[in-house]
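Trainee: Structure incoming, see below.
The values are calculated or read from the model by the stated rules, or taken from the named source; none is laboratory data. Because the structure is a prediction, the values reported are computed rather than measured. We place every Cβ from the backbone using ideal geometry, glycine too, and count neighbours over all the protein chains shown. When the accessible area is computed, the model is the full protein with side chains, heavy atoms only, and any ligands, DNA or RNA have been set aside. Shrake-Rupley method; radii C 1.70, N 1.55, O 1.52, S 1.80 Å.
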Amino acid sequence: MASPKVSLEQWRILHCIIAEGGFNQAAKKLNKSQSAISYAIAKMQEQLGMEILTINGRKAELTEAGELLLRRSKTLLSEAECLEAAAQALHQGWEPVISIAAETLFPIHILMQALEKLGKSAPHTRVEIIESVMSGTIELVEKRAVDMAITANLPKGTSGIPLMDIEFTLVAAPSHPLAQQKDPIIFSQLAQHRQIIVRDSGEHRTGVGGWQKAEQRWTFSNLSTAKTALLNGHGFSWSPTCLMHAELEAGQIVPLQLEHESRRKTTLYLTYPEIDALGPAVKLLETLLLDSIAEYRETLPECLSA
């Protein structure tokens, strides 16, 4: 591939001339002599073999070809600036990539809110999010396959920051026979209906997500698909209240009343495979995540706690 004839500096000068309205104005803006600006453009036109600027009075105007090249060169300059910014970010210590294992029970929009804020401080740090369930999260931490993890169960030998208690409610669609029953439900009745379950994503599937004694079960690998089955009346489920808040409010699903307690809780933690090797982006994300949880807790205090 042939080397470019026109330098990035020449393209920058062209953009400055158009933005400022003339050679003299561009010279002042760029702290260069007017002769240096004129020479750069003259050389540029020679290298390209075409006229890209004309002088109308004291104002520099683009030719038709110049307008096309100016538009195309915006992308070139933008890419160059991004490349330099990325190099500077790496020089300052920002990680080029961070990976997060996020238990599917965790409200994903809280994580996205924190990541959006992270992007403003570390725009060149790429983020990989692995949605995991039960032992799948633990395995990712134990294998050091992620930089941080949100998990309901802490791997052995690790500590964690409590993020929130997720409450589970026994629910079904209002059309489901269990929802239409007036008397409290007993476990033997529950076992006669189909249960909607989200599968443990671990290789060995050692996680057990509460009571699973129904004769009929539909097991999904994705929480959103399980929610669809629940909304369509295909079964009952112990579902995270916060993630079903809108559907509960709208009456699309309803809580079922067991003879005994029909609500449960589990704590979600933030943990790290290597706590002593955290980079600045991971440390900042921890702070932003805790801040986002605090904001969320103010809006939905009834379905989670500290």
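Trainee: Quick one: 3J(HN,Hα) in Hz for region 62-68, Karplus 6.51/-1.76/1.60 with θ = phi - 60°, rounded, Gly and Pro as x.
Mentor: Values per residue, Gly and Pro as x: 7, 6, 4, 5, x, 4, 5 Hz.
Trainee: Just subtract the alpha-carbon distance of residue 145 and residue 46 from 0.36 nm times their residue separation and send over the number in nm, one decimal. Spell out each step's value before the answer.
Mentor: Values: separation 99, 0.36 × 99 = 35.64 nm, distance 5.40 nm.
In short, 30.2 nm is gained.
Trainee: With an 8 Å Cα cut-off and a minimum separation of 6 or more residues, compute the relative contact order for the chain in percent.
Mentor: 21 percent
Trainee: What part of the accessible area of region 237-294, given as a whole %, is carbon or sulfur when the probe is 1.4 angstrom? Write out the running numbers ahead of the final one.
Mentor: Values: 1320 of 2790 Å².
Carbon-and-sulfur percentage of accessible area, whole number: 47.
Trainee: Show that you can apply the helix-only estimate: for the chain, add -39,500 (n - 2.57) for every DSSP H stretch of four or more residues, divide by all residues, and state [θ] at 222 nm to the nearest 500.
Mentor: On the way: 11 runs with 130 residues, N = 306.
Helix contribution divided over all residues of the chain: -13000 deg cm²/dmol.
Trainee: Oh, and also: Which residues' amide hydrogens lie under 5 Å from the amide hydrogen of residue 256, considering only partners 5 or more residues apart or on another chain, with H built in the peptide plane?
Mentor: Correct list: 170, 171, 172.
Trainee: OK, next. How much length is gained if the chain between residue 72 and residue 15 is pulled fully straight, taking 0.36 nm per residue apart and subtracting their Cα-Cα distance, in nm to one decimal? Intermediate results must be reported in sequence, preceding the final value.
Mentor: Numbers: separation 57, 0.36 × 57 = 20.52 nm, distance 1.14 nm.
Full-extension gain reported as 19.4 nm.
Trainee: I've got another one for you. Going down the list 29/120; 117/143; 5/28; 143/283; 117/283, which pairs span over 23 Å between their C-alpha atoms?
Mentor: On the way: 29/120 28 Å; 117/143 28 Å; 5/28 26 Å; 143/283 20 Å; 117/283 13 Å.
Pairs exceeding 23 Å: 29/120; 117/143; 5/28.
Trainee: While we're here: For the pair residue 5 and residue 55, how long in nm is the line joining their label points, each one 7 Å along Cα→Cβ?
Mentor: For the pair residue 5/residue 55, the computed spacing is 2.3 nm.
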